[in-house]
Amino acid sequence: MRPIRAACLGTATALVTTLLACAPVAAAATGTDSDAKDKDRVITLIGRLAEQTRFPINPGGAAAQGDRTVFRSTLFDEDGNQVGETGGTCTTTRVVDGGAEVCVVTYTLPGGQLSVQGMVFGFLNPGPPPSFDNGITGGTGEFDQARGSVHADTIATGTRRFTIDLKR
C-alpha cells in the first residue's frame with residue numbers, strides 16, 4: 001500500500017470530511033425544529049478525519065484508475081459538540097489533469113442519515129484537498145426524501161467544513 005497525503009480527505013471528508021452555513025445549527029443538527037422535515041434549511045458542520053485507508057491498484061506505484069479510498073470522519077456542530085459521523089468510499093476515475101474521483105458518502109446525524117454522491121476534481125494536485133460540491137441523493141428519518149447539495153472546504157489538515165443545503 002502506498003502512503004497517502006495526511007491532508008487527503010477523499011470526498012466526504014472527501015465528501016464527503018465532507019455541512020453548512022446559515023441556519024441555526026443546534027436545531028438543524030439535532031432536529032429540534034418540529035417542522036424541520038418539511039423545510040429547506042442549511043446545516044454547517046465540521047468534519048475531522050478519523051480513519052482513512054487507501055487500496056491502490058499499483059501498490060507502491062503511481063495513482064491509477066480504480067484506486068479506492070475508504071474513510072470515516074467525526075462531525076461537530078459550530079460549538080464543537082459531536083453530532084454524528086460520515087463514512088464513505090471514493091474511487092479514482094482519472095489520474096491526469098489533477099485527478100478525479102467519484103465518492104459515495106453517508107452522513108449519520110441525529111434524526112437520520114443523508115446519502116451523498118458526486119465527483120471530486122484535483123485531489124492529486126499538491127497542497128490542501130480541493131473544495132467540492134456533491135448531490136444529496138436521499139436520506140432516512142428526518143431526512144427522508146431529502147435533496148440538495150453538500151459543499152466542502154478544507155479548513156485545516158484533516159478538517160473540513162461541510163455546508164449542507166437541504167431542499168424539501
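The values are calculated or read from the model by the stated rules, or taken from the named source; none is laboratory data. Because the structure is a prediction, the values reported are computed rather than measured. Cβ coordinates were reconstructed from backbone atoms using ideal geometry, including for glycine residues, and neighbour counts include every protein chain displayed. The area values use the complete protein model at the heavy-atom level, side chains included, leaving out ligands, DNA and RNA. Shrake-Rupley method; radii C 1.70, N 1.55, O 1.52, S 1.80 Å.
If you take the residues of region 92-109 that are farther than 14 Å from PHE132 by Cβ and part of a loop (DSSP other than H, G, I, E, B), which of them is least open to solvent (accessible area, probe 1.4 Å)?
VAL95
Does LEU166 fit the bill of being farther than 18 Å from GLY88 by Cα, assigned to a loop (DSSP other than H, G, I, E, B), in contact with a Gly (Cβ under 7 Å, 6 or more places away or on another chain) and aliphatic (A, V, I, L, M)?
Answer is no for this residue.
Residue by residue through region 116-157, note down the ones that are of a type in the set (A, V, I, L, M) and assigned to a strand (DSSP E or B).
Of everything in region 116-157, those that are of a type in the set (A, V, I, L, M) and assigned to a strand (DSSP E or B) turn out to be VAL116, MET119, VAL120, ILE136, VAL150, ALA152, ILE155, ALA156.
Scan region 111-123 and report the pairs whose first residue is under 20 Å from THR154 (Cα atoms) and whose second residue is of a type in the set (Asp, Glu) and open to solvent by less than 10 Å² (accessible area, probe 1.4 Å), with Cβ atoms within less than 9 Å and a gap of 6+ or a chain change.
If the second residue must be of a type in the set (Asp, Glu) and open to solvent by less than 10 Å² (accessible area, probe 1.4 Å), the pairs left are MET119/GLU101; VAL120/GLU101; PHE121/GLU101; PHE123/GLU101.
I need every pair where a residue in region 145-159 that is on the phi > 0 side of the Ramachandran plot has its Cβ under 7 Å from the Cβ of a residue that is in a strand (DSSP E or B) and among the basic types (Lys, Arg), sequence separation at least 6 or different chains.
Hits for this filter: GLY148/LYS167; GLY158/ARG48.
Going by what's in this entry, would GLY60 be described as among the small types (Gly, Ala, Ser), at pLDDT 95 or above and surrounded by fewer than 14 Cβ atoms within 10 Å (Cβ to Cβ)?
Numbers: among the small types (Gly, Ala, Ser): yes; at pLDDT 95 or above: no; surrounded by fewer than 14 Cβ atoms within 10 Å (Cβ to Cβ): yes.
No: the conditions fail for GLY60.
Here are the criteria: (1) in contact with a Ser or Thr (Cβ under 8 Å, 6 or more places away or on another chain); (2) over 17 Å from THR106 (Cβ atoms); (3) surrounded by fewer than 16 Cβ atoms within 10 Å (Cβ to Cβ). Tell me which single one GLY138 does not satisfy.
(2)
Suppose we filter region 41-91 for residues that are assigned to a strand (DSSP E or B) and over 16 Å from the mean Cα position of the chain (by Cα); how many remain?
3
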